[in-house]
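Colleague: This is the structure I want to talk about, given as structure tokens.
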Amino acid sequence: MTRKRVAILISGRGSNMSALIEAAEAPDYPAEIVGVFSNRAAAPGLAIAASHGIATAVLAQSRFPSRDMFEDVMTQTLESWDVDIVCLAGFMRILGVDFVNHWAGRMINIHPSLLPLYKGLNTHALALADGATTHGCTVHFVTPGLDEGVLILQAQVPVLPGDTPEILADRVLVQEHRIYPEALRLLASGQISVSS
Ligand code: GAR
């Protein structure tokens, strides 16, 4: 089995990144994590990745005159790792069309809602404000429209009396950690694909 080479893009805590790293430590997992990239030097996930012996890179977009130049260097970094698949895991930047198209069909994202509901930020608060009785998370292919690509896997959780956005987020996060490694397994093993 040739394992697909995967880079993970993070901006913060990196708990989904950790779930992917741990899944990929199984010998029969069809992907290996070869690098973790962050747009924030303070992202706690960087130290976790390094503790697993995974290469890390940090680039702040503010150091570049334009988003396109930042994303060109980001692609160069990913290509220096010979990456097949890119996983966004709490990477809190909207990506430009050229970058997204370069990785079309090879880049996936985890989003904390049942897409197409609640694209963007503050998904848990929005679900509560709507009086939703179920909420959840989605892994999807990344396309230029925000949180709009083809869905790969979703998981639902109940919304319970007394939930706050934080309590609900924690319940969803357990499911994120379950479905993201499963979705990457499907893509890396060739069981799913999209054509443009
Ligand atoms: C996760 O809940 C992820 O779904 C969300 O950010 C959190 C990152 O946590 N992503 C988005 O909202 C993307 N639009 P983590 O750093 O612990 O994985």
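Colleague: What's the number of the condition Ser38 fails, among (1) touching a residue at least 12 places away in the same chain (Cβ under 8 Å); (2) away from the ligand (no atom under 11 Å from the Cβ)?
Modeller: Tallying (1) touching a residue at least 12 places away in the same chain (Cβ under 8 Å); (2) away from the ligand (no atom under 11 Å from the Cβ), Ser38 fails exactly one: (2).
Colleague: Restricting to segment 8-28, name every residue that is more than 9 Å from the ligand (Cβ to nearest atom), crowded, with 17+ Cβ neighbours inside 10 Å and over 10 Å from the mean Cα position of the chain (by Cα).
Modeller: Residues satisfying the conditions are Ile21, Ala23, Ala24.
Colleague: For a quick check of your reading of the model, give me the residue pairs whose first member lies in segment 17-29 and is under 20 Å from Pro44 (Cβ atoms) and part of a helix (DSSP H, G or I), whose second is hydroxyl-bearing (Ser, Thr, Tyr) and within 14 Å of the ligand (Cβ to nearest atom), with beta-carbon atoms closer than 9 Å and at least 6 apart or on different chains.
Modeller: Close Cβ pairs (under 9 Å, with a partner that is hydroxyl-bearing (Ser, Thr, Tyr) and within 14 Å of the ligand (Cβ to nearest atom)) amount to Ala19/Tyr180; Leu20/Tyr180; Ala23/Tyr180.
Colleague: Would you pick out the residues in segment 128-173 that are small (Gly, Ala, Ser) and open to solvent by 80 Å² or more (accessible area, probe 1.4 Å)?
Modeller: Scanning segment 128-173 gives a single hit, Ala129.
Colleague: For Val36, all conditions in the list (1) under 30 Å from Ser195 (Cα atoms); (2) not in a strand (DSSP E or B) hold save one; what is the number of the exception?
Modeller: Result: Val36 passes all but (2).
Colleague: A further question follows. Which of the numbered conditions does Leu78 fail, given that it passes all the others? Conditions: (1) more than 13 Å from the ligand (Cβ to nearest atom); (2) open to solvent by 30 Å² or more (accessible area, probe 1.4 Å); (3) out of contact with any Leu (no Cβ under 7 Å at 6 or more places or on another chain); (4) not charged (D, E, K, R).
Modeller: It fails just one condition, (2).
Colleague: Now, a different point. Is there any pair with a first residue in segment 106-127 that is open to solvent by less than 20 Å² (accessible area, probe 1.4 Å) and a second that is polar (S, T, N, Q) and within 8 Å of the ligand (Cβ to nearest atom) whose Cβ atoms are under 7 Å apart and which are 6 or more apart or on different chains, and what are they?
Modeller: Cβ pairs passing all conditions: Ile110/Asn16; Ser113/Thr123.
Colleague: Separate question: Is it true that Val86 is away from the ligand (no atom under 11 Å from the Cβ) and under 15 Å from the mean Cα position of the chain (by Cα)?
Modeller: The answer is yes for Val86.
Colleague: Yes or no: segment 131-150 includes at least one residue that is over 17 Å from Leu9 (Cα atoms), in contact (Cβ under 8 Å) with a residue 12 or more places away in the chain, out of contact with any Ser or Thr (no Cβ under 8 Å at 6 or more places or on another chain) and not in a loop (DSSP other than H, G, I, E, B).
Modeller: Taking every residue of segment 131-150 in turn, at least one turns out to be over 17 Å from Leu9 (Cα atoms), in contact (Cβ under 8 Å) with a residue 12 or more places away in the chain, out of contact with any Ser or Thr (no Cβ under 8 Å at 6 or more places or on another chain) and not in a loop (DSSP other than H, G, I, E, B).
Colleague: Kindly evaluate Ile48 against the criterion of being within 16 Å of the ligand (Cβ to nearest atom), assigned to a strand (DSSP E or B) and surrounded by 15 or more Cβ atoms within 10 Å (Cβ to Cβ).
Modeller: Spelling it out, it is not the case that Ile48 is within 16 Å of the ligand (Cβ to nearest atom), assigned to a strand (DSSP E or B) and surrounded by 15 or more Cβ atoms within 10 Å (Cβ to Cβ).
Colleague: Still on this structure, I have one more. Restricting attention to segment 89-117, and to residues there that are of a type in the set (Val, Ile, Thr) and more than 17 Å from Leu151 (Cβ to Cβ), which single residue is nearest to the ligand (Cβ to nearest atom)? Spell out how you get there, then give the answer.
Modeller: So the first thing to find is which residues in segment 89-117 are of a type in the set (Val, Ile, Thr), and the list is 94, 97, 100, 108, 110.
With more than 17 Å from Leu151 (Cβ to Cβ) added as a condition, the list becomes 94, 97.
On the way: Ile94: 9, Val97: 18 Å.
Result: Ile94.
The values are calculated or read from the model by the stated rules, or taken from the named source; none is laboratory data. In this text the structure is predicted, and so the values were computed from the model without any measurement. All Cβ positions, even for glycine, are placed from backbone atoms using ideal geometry, and neighbour counts span all protein chains on display. The area values use the complete protein model at the heavy-atom level, side chains included, leaving out ligands, DNA and RNA. Shrake-Rupley method; radii C 1.70, N 1.55, O 1.52, S 1.80 Å.
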